[in-house]
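Notes for the one structure printed next.
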Amino acid sequence: MSRKIREFGVEGCIKLSGLLVIIFVILIFLLLLKESLSLFGVYPFKDFLTGTKWLPVSDPPKFGIVPLLLGSIYVTVGAIVICVPLGVASAMFIAEVAPAGFKHILKSLIEILASIPSVVLGFIGIVWLGPFLKTTFHLSTGMCGLTGSLLLAYMALPTIISISEDAIVSVPKSYKEAAFGLGATRWQTLWRIILPAASSGIIASIMLGIGRVIGETMVVLMVTGNSPIIPHTLLQPLRTLTATIAGEMGETVSGSDHYYALFATGLILFIITFLINLIADIYLQRTKK
Amino acid sequence: MSAAQKRQTAAFFILGFATMLVVIPIILTMAYVVFKGIGAVNWSFLTEAPRNGMKEGGIFPAIVGTIILIIGTMIFSLPLGVLAAIYLVEYAKDNFFTRLIKLSVVNLSGVPSIVYGLFGFGLFVLFLRLGTSILAGSLTLAIMSLPVIITATKEALESVPASFREISLSLGATKWQTIRNCVLPYSIPGILTGTVLSLSRAAGETAPILFTVAAFYLPRLPHSVFDQAMALSYHLYAIATQVPNIPPKISFATAFVLIALVFLMNLGSIILRARFRKKKLW
Amino acid sequence: MVNEVIIQTIDLNCCFEKNCVLKSLNIDVYKNEILGVIGPANSGKSTFLRALNRLNYLDPSYSQTGEIIFEGKDIGILPDSILRRKIGIVFAMPQVLPVSIFNNVAYGPKVHDVKDKNRLEEIVETSLQKAHLWEEVKDRLDMPAMKLSGGQQQRLCLARTLAVEPDIILYDEPCSGLDPISTAKVEDTMQQLKENYTQILVTNNTKQAARVSGRCAFFLMGDLVEIDDTDTLFTNPRDGRTNDYITGRFG
């Protein structure tokens, strides 16, 4: 009898844990939504979404998210342009070209990169990369979108490389053997046969990389110059959605419009990353089949 | 050499070059931080509180704060994550509820760390009135760590042969007895590896603790879980951006200690994995 | 001799998804007999065996209609843990847990709340003796069970099943991976257990069924073709298909 009760109790706990995972996601969403709605009660949603000025402490304050959204998009596009070709090429090299021992070293290095805390990369950006870019490209400041893009590219690389490499390695051997049998070189096989076969996994890796870049906070907070105006090039200071929340939350009064506006920014961020990860997951599921 | 082979050589060279573009900056960066930081790391730097507006002294409270946060995160996320994974692998039927959990795990793993920070601030600090505290910070980091722990535990559970479960059930063991005696013991290595990995990430995170626990300058140890605490990652952010005229060697040394801590944890998880793999019995 | 029925199936249908691998099976098993079950692959032998202690339900796609009566009652009223304790099973490939010999045998009693150390040692010893393994392993009970030979492992599995004191022992092709000597040892053991246990032996090896069983059932494509005394079944089968199978024309 005691066995039955114990079984029942344990099963309850286990189910509850599963339920809690769902509850957390819903709670996160609801909290963001509730606080956002408090803003939209006094500040029209349309103005928030299409406003081109983010002036939270002026009178009256303006909470136009466009400059922040553009800041995020600029930095992300910059990072993706850098890290997708580098990442996919490295994944191909590691999976198909590098000899076994060297492959192991390369993978360890990628793991090391994955484990470097973002605040340390931000620090590197401040003390070295920013000043370096400033003098090299004669910029007015090294604290700009480009610095952020470069660092974020390296933050997304481990994700892209490891998932793409998995996808390339898991292409059935028979594909390769068939191509070799027809006299194709290793490169022709890799480029024409393996890469297309691994494309779902590679796309998933890129989506996950984008998700990581958009959501990254500390690097952009530290190196992109914190200027919430609409950027025109990557070479000028800008500010992302994430950096705005991180930079301004400490200074707001809870319950103020500014406070709610930051939650609304968080909500936009949550929705964007949710969609991106959903797409990535769909592609990942496809590779499993 | 045929044209096709020439193309292959050129292509492989380009791939190799791209790979070098990825790995060489990693090596240089690491070398840079280690080279600049290691000189200032000594016993007193590790064991003393910061002084004189953080321009002097050590980082002891930040080290302790980070370690406390790691432990707090583990206390909340490990049981919850393992139980949720057990549900998914051992109990879940293929129904709506299960798909919802899986979707939630995917979603949690993609939520930006700053959104976790907002959530923790709104829920734990304000709504539950825990204040800016170790408790609020640990809970926030714990929820953030859940997806990694769940995924790792799931993989570990799935790698236990189905025959073990069958043997146990055929002898009249209940489901939970089977899991506890015939599944969990053999998945512990995988669970531990995943946990250490997720905790090492939590240790390096800054955004989730910005408003939930981090103290800018608190040159003493926290008194209780309701106290604020310094943390290595936030400390590095603070001295790198908020305080002018910090001697570079102090910030480099802080970065070095943070990296070293995260690496040690990673190394621990790699060693764990390797040791258990060797001992694998089936 | 009056045969007391210990377990019987009435119109039993066993299906995975829509694929029914056993069709309206009616079979009686007598107390303390060894019932051989033979038939080619996919004839539903193993499914029959695993229906008796509800192991089939581990596959979520499984469904079943009809009745299984054990000691006069439908098995549905017993909790899985009690039913499986009374109806034990020995699997095809020797499947030992990666723990010591002692803990393999003691596993069952432990989950059934036997905590006393002396009592456990006693159970382990008698079970190993019944399975004819005691003499070979009594000095090294702490050794990992995985280090035993295949035949020893299979007898260990039998001892593990015996340790929870079942009434019925099911064997699912117990000798399929074993050499002739180990097979002989397992068969000997089965003969000696006859007095106290009902045993059902599913086997691909018709000769083994002929050697060991008292009665024998022939399954084909989910149907029970014929069941009779082993001697009769092998020398004078009623059904032509049985004859074809035991003379090796198919299967």
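No lab work stands behind these numbers, since they all come straight from the coordinates. These numbers were taken from a predicted model, which means no experiment stands behind them. Heads up, the Cβs are rebuilt from the backbone with ideal geometry, glycines too, and the neighbour counts pull from every protein chain shown.
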Residue satisfying condition, being surrounded by 14 or more Cβ atoms within 10 Å (Cβ to Cβ), under 19 Å from the mean Cα position of the chain (by Cα) and at positive phi, within set C:50, C:54
C:54
Give, as residue ranges, the helices (runs of 4 or more DSSP H) completely inside the range A:170-235 that count at least 3 residues that are among the β-branched types (Val, Ile, Thr) and under 20 Å from residue A:129 (Cβ atoms).
A:218-223
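Yes/no per residue for (1) farther than 30 Å from residue C:85 by Cβ; (2) within 14 Å of chain A (Cβ to nearest Cβ); (3) not basic (Lys, Arg); (4) not in a loop (DSSP other than H, G, I, E, B):
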| site | (1), (2), (3), (4) |
| --- | --- |
| B:167 | no, no, yes, yes |
| B:216 | yes, yes, yes, no |
| B:221 | yes, no, yes, no |
| B:237 | yes, yes, yes, yes |
Condition broken by residue A:128, with the remaining ones in (1) within 26 Å of residue B:33 (Cα to Cα); (2) surrounded by 18 or more Cβ atoms within 10 Å (Cβ to Cβ); (3) not acidic (Asp, Glu) satisfied
(2)
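In this structure, does residue A:256 turn out to be more than 12 Å from chain B (Cβ to nearest Cβ), more than 17 Å from the chain's Cα centre (by Cα) and free of Cβ contacts under 8 Å to residues at least 12 places away in the same chain?
Details: more than 12 Å from chain B (Cβ to nearest Cβ): yes; more than 17 Å from the chain's Cα centre (by Cα): yes; free of Cβ contacts under 8 Å to residues at least 12 places away in the same chain: yes.
Considered against the rule, which asks whether it is more than 12 Å from chain B (Cβ to nearest Cβ), more than 17 Å from the chain's Cα centre (by Cα) and free of Cβ contacts under 8 Å to residues at least 12 places away in the same chain, residue A:256 comes out as yes.
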Going through C:223, C:244 one at a time, which residue ends up being over 15 Å from the mean Cα position of the chain (by Cα), surrounded by fewer than 16 Cβ atoms within 10 Å (Cβ to Cβ) and over 23 Å from residue C:157 (Cβ atoms)?
C:244
For residues in the range A:33-89 being more than 30 Å from residue B:16 (Cβ to Cβ), among the small types (Gly, Ala, Ser) and in a helix (DSSP H, G or I), which is nearest to the chain's Cα centre (by Cα)?
A:72
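Residue by residue through the range C:162-217, note down the ones that are of a type in the set (Ser, Thr, Tyr) and within 18 Å of residue C:89 (Cα to Cα). Give the steps one after another, and end with the answer.
Start the filter on the range C:162-217 by keeping residues that are of a type in the set (Ser, Thr, Tyr), which leaves C:171, C:176, C:182-183, C:189, C:197-198, C:203, C:206, C:213.
Matches in the range C:162-217: C:171, C:176, C:183, C:189, C:197, C:198, C:203, C:213.
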Can you pull out the residues in the range C:77-87 that are more than 7 Å from chain B (Cβ to nearest Cβ), within 17 Å of residue C:197 (Cβ to Cβ) and either in contact with an Asp or Glu (Cβ under 9 Å, 6 or more places away or on another chain) or assigned to a loop (DSSP other than H, G, I, E, B) (or both)?
C:86, C:87
Looking across the range A:95-117 at residues that are buried (at least 22 other Cβ atoms within 10 Å of the Cβ) and within 7 Å of chain B (Cβ to nearest Cβ), the single one that is nearest to residue B:34 (Cα to Cα) is A:116
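So which residues in the range A:104-145 are among the aliphatic types (A, V, I, L, M), part of a helix (DSSP H, G or I) and more than 16 Å from the chain's Cα centre (by Cα), if there are any at all? Break it down into steps so the answer makes sense when it comes.
Start the filter on the range A:104-145 by keeping residues that are among the aliphatic types (A, V, I, L, M), which leaves A:105-106, A:109-110, A:112-114, A:116, A:119-121, A:124, A:126-127, A:129, A:133, A:139, A:143.
Then keep just the ones that are part of a helix (DSSP H, G or I); that gives A:105-106, A:109-110, A:112-114, A:119-121, A:124, A:126-127, A:129, A:133.
A:105, A:106, A:109, A:110, A:112, A:120, A:124, A:126, A:127, A:129, A:133 - these are the residues of the range A:104-145 that are among the aliphatic types (A, V, I, L, M), part of a helix (DSSP H, G or I) and more than 16 Å from the chain's Cα centre (by Cα).
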Which number in (1) in a helix (DSSP H, G or I); (2) within 30 Å of residue C:53 (Cβ to Cβ) marks the one condition that residue B:94 misses?
(1)
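Considering only the range A:90-99, state which residues are not hydrophobic (A, V, I, L, M, F, W, C) and not in a loop (DSSP other than H, G, I, E, B).
Going residue by residue through the range A:90-99, those that are not hydrophobic (A, V, I, L, M, F, W, C) are A:90, A:96, A:99.
A:90, A:96, listed by residue number.
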If I ask for residues that are within 12 Å of chain B (Cβ to nearest Cβ) and surrounded by fewer than 24 Cβ atoms within 10 Å (Cβ to Cβ), which ones from the range A:185-206 would you list?
A:185, A:186, A:187, A:188, A:189, A:191, A:192, A:195
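Residue B:81: more than 9 Å from chain A (Cβ to nearest Cβ) and either hydroxyl-bearing (Ser, Thr, Tyr) or in contact (Cβ under 8 Å) with a residue 12 or more places away in the chain (or both), yes or no? Don't jump to the end; show me each part of the working.
Details: more than 9 Å from chain A (Cβ to nearest Cβ): no; either hydroxyl-bearing (Ser, Thr, Tyr) or in contact (Cβ under 8 Å) with a residue 12 or more places away in the chain (or both): yes.
Criteria not met by residue B:81.
Does the range B:13-26 include one or more residues that are under 19 Å from residue B:254 (Cα atoms) and either surrounded by 14 or more Cβ atoms within 10 Å (Cβ to Cβ) or within 14 Å of another protein chain (Cβ to nearest Cβ) (or both)? Steps first, please.
Residues of the range B:13-26 that are under 19 Å from residue B:254 (Cα atoms), as a first pass: B:26.
Then drop every residue that is not either surrounded by 14 or more Cβ atoms within 10 Å (Cβ to Cβ) or within 14 Å of another protein chain (Cβ to nearest Cβ) (or both), which leaves B:26.
Checking the range B:13-26: at least one residue is under 19 Å from residue B:254 (Cα atoms) and either surrounded by 14 or more Cβ atoms within 10 Å (Cβ to Cβ) or within 14 Å of another protein chain (Cβ to nearest Cβ) (or both).
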Residues satisfying the stated conditions in the range A:1-49, i.e. among the acidic types (Asp, Glu) and more than 8 Å from chain B (Cβ to nearest Cβ):
A:47
Could you tell me which numbered condition residue B:59 fails, if it satisfies all but one of (1) out of contact with any His (no Cβ under 7 Å at 6 or more places or on another chain); (2) surrounded by 20 or more Cβ atoms within 10 Å (Cβ to Cβ)?
(1)
Cβ pairs under 8 Å, 6+ apart or interchain, first in the range A:76-90 and more than 14 Å from residue A:212 (Cα to Cα), second assigned to a helix (DSSP H, G or I) and basic (Lys, Arg), ordered by first then second residue, are none
Failed condition for residue A:72, given (1) of a type outside the set (A, V, I, L, M); (2) under 29 Å from residue B:108 (Cβ atoms); (3) away from chain B (no Cβ under 13 Å); (4) buried (at least 16 other Cβ atoms within 10 Å of the Cβ), with all others met?
(3)
For residue B:114, which of the numbered conditions (1) more than 8 Å from every other protein chain (Cβ to nearest Cβ); (2) in contact (Cβ under 8 Å) with a residue 12 or more places away in the chain fails to hold?
(1)
